Each structure stands twice: as C-alpha cells, then as structure tokens.
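The values are calculated or read from the model by the stated rules, or taken from the named source; none is laboratory data. No experiment lies behind these values; they were computed from the predicted model shown. As a convention, Cβ positions derive from the backbone with ideal geometry for all residues, glycine included, and neighbour counts pool all protein chains shown.
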C-alpha cells in the first residue's frame, strides 16, 4: 500500500471514525474527517485526496450524485443497513464500493482501497480516451459538446457569460491534395497548438470535425471577441513564421456571446457563431 494515499471521510459518526482511524494508522495512510458537506467541499478545493469515504443515510443519495458531478476521486460508501437496492443504485451512479461499518480488518481494507483507486484510474483513462481527439489531443466532438452542454446550463443558473468560437482551418483539402495527408495532419496539429496558445488553460478547446475547431472562452467579457480573434491570428502568424512548412496556414473565426438568457437554446448559439464564421469566410473571399 502506498503511504502517499490520502483519504477524506465525510459524515462518519464518532465510533465509525475511530474504527477507521485505527485501520488507517495501521496502513500508514493519512486521513481527514469532515462532518458537513461545506467542510468537505472546502477540503476538496484546497487539498488533494485519493479516495473519499462517505457515510450515507437512506435518504441521502442526492448528496452522492452531487459529489460525483464535481470530483473524479473514487468514492466508497459507509453505512449500516442501506439495503441492496440503494447500494446497487449508488454503484450504478459511479460509486466504487460499499463498506459495512466495522466489517473490515486492515488487510481487507488495504485491498479494497487499492482496488477502488485502480478501477477509478482505469475509468478516468477510458473516459479521457473517449473524449479526446487522437491527432491533436484536444477534446473531440463528443467531449467538447458534453462540456458545452454543462457550461450552457451553468450559465443559465449563474448568468456568467462566455464566448463560443467556431474556427475552420482554411483550405485543408487543398493542403492534402497538394502536399499530402501527412502535411494535412501537421496543419491540424499546428492549428490545435495555435488555439491552445491563444486561450487560457481553463478555456475549453476542441476539434469538432475534420477541419473544424471550437472554443468556449469562460467568463469572457462581452465585446472582447475582437481582441481574442486578433490574438488567434497573431499567434498563427508567429507559428507560420517559426514552424510550419511548406504552406502557410489560415483560419476563419466566428463567435457569439451567451450570458445565460432564458429562452435561448444551445443550438441558437451554434447557429449564431456559424453565421459569424461564414461572414469571416465571405470577407476573405471578397479580398
């Protein structure tokens, strides 16, 4: 057992807490006890944990759902007489295991902790693969639009605005036909690099089609899309000068702003950004 594992325990009564503290001590594990969800969330925000034990009452499955939405840390349930249906439902939501109070010795607990952490690592690795574009390592279409839907809903609740950018790599077919698909792939990788350099690390950048990219600029101020577009083109110009040959890359960029207005749908944003993208293309074609 790795002595670097750190365990967060939420809502355990004093008897259960003392029981596990003794087992954690035998296994040389660091543990932190919290009693309220507010305290637990504070700890999760400011400290790093490898596993969470949650003491669950029969009517508290909603708290597990909320916790699973905000953390990717494996969760193990504690609780007496929860019933098979409730345990199975919790595991179906993503909980790793169920631990009846005082039923485990140190050796059993060690195996359960290790298995839960390793299963969760595998699950997160598979999730990352299913959400990641293999060529560019950006979010793929599935990953981007999953996060887009979450951000859209969050913005409706908080009224915190964001920009949606749609970006096309111009003339990819011509690059492929003239210089070959290897050069076309390099063009896509350089485009991904340009966008990653142009936006902040917490913005969401994805490749959503063959030559199509998209970005969610979180918390951006209304009217800031002009400078952001200029920054994209400036970054691309620098990359064209430094790295990419035998052809220069060009991007068309469209954007729209959303501040959480009621009555708008996600598709409305996509249509508005797409219309702005085609205005960008038309402007280039008229030059």
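Might you let me know whether region 154-169 holds any residue that is free of Cβ contacts under 8 Å to residues at least 24 places away in the same chain, under 18 Å from residue 267 (Cβ atoms), out of contact with any helix residue (DSSP H, G or I) (no Cβ under 9 Å at 6 or more places or on another chain) and assigned to a helix (DSSP H, G or I)? Yes: one or more hits. Considering 64, 52, 73, the condition of being assigned to a helix (DSSP H, G or I) and either outside the structural domain of residue 13 (by TED's automatic domain parsing) or surrounded by 12 or more Cβ atoms within 10 Å (Cβ to Cβ) (or both) is satisfied by 64 alone. Report whether or not residue 147 is surrounded by fewer than 17 Cβ atoms within 10 Å (Cβ to Cβ), part of a helix (DSSP H, G or I) and touching a strand residue (DSSP E or B) at 6+ places or on another chain (Cβ under 6 Å). Against the criterion (surrounded by fewer than 17 Cβ atoms within 10 Å (Cβ to Cβ), part of a helix (DSSP H, G or I) and touching a strand residue (DSSP E or B) at 6+ places or on another chain (Cβ under 6 Å)), residue 147 qualifies. If only residues of region 236-271 that are outside any loop (DSSP other than H, G, I, E, B) and free of Cβ contacts under 8 Å to residues at least 24 places away in the same chain are counted, the one that is nearest to the chain's Cα centre (by Cα) is 267.
Residue-by-condition table, conditions (1) within 15 Å of residue 110 (Cβ to Cβ); (2) not in a helix (DSSP H, G or I):
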residue	(1), (2)
7	yes, yes
12	no, yes
16	no, no
20	yes, no
23	yes, no
28	yes, yes
39	no, no
48	no, yes
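Filter region 113-132 for residues that are assigned to a helix (DSSP H, G or I), modelled with pLDDT of 80 or more and surrounded by 14 or more Cβ atoms within 10 Å (Cβ to Cβ); which is nearest to the chain's Cα centre (by Cα)? My answer is 131.
For residue 192, the requirement of being in contact (Cβ under 8 Å) with a residue 40 or more places away in the chain, in a helix (DSSP H, G or I), closer than 23 Å to residue 271 by Cα and under 19 Å from the mean Cα position of the chain (by Cα) is met.
Would you call residue 84 modelled with pLDDT of 80 or more, surrounded by fewer than 13 Cβ atoms within 10 Å (Cβ to Cβ) and more than 18 Å from the chain's Cα centre (by Cα)? Answer is no for this residue. Within region 200-228, the set of residues being surrounded by 13 or more Cβ atoms within 10 Å (Cβ to Cβ) and farther than 26 Å from residue 132 by Cβ comprises 224, 225. Looking across 269, 236, one residue alone is over 17 Å from residue 144 (Cα atoms) and at pLDDT 95 or above. It is 236.
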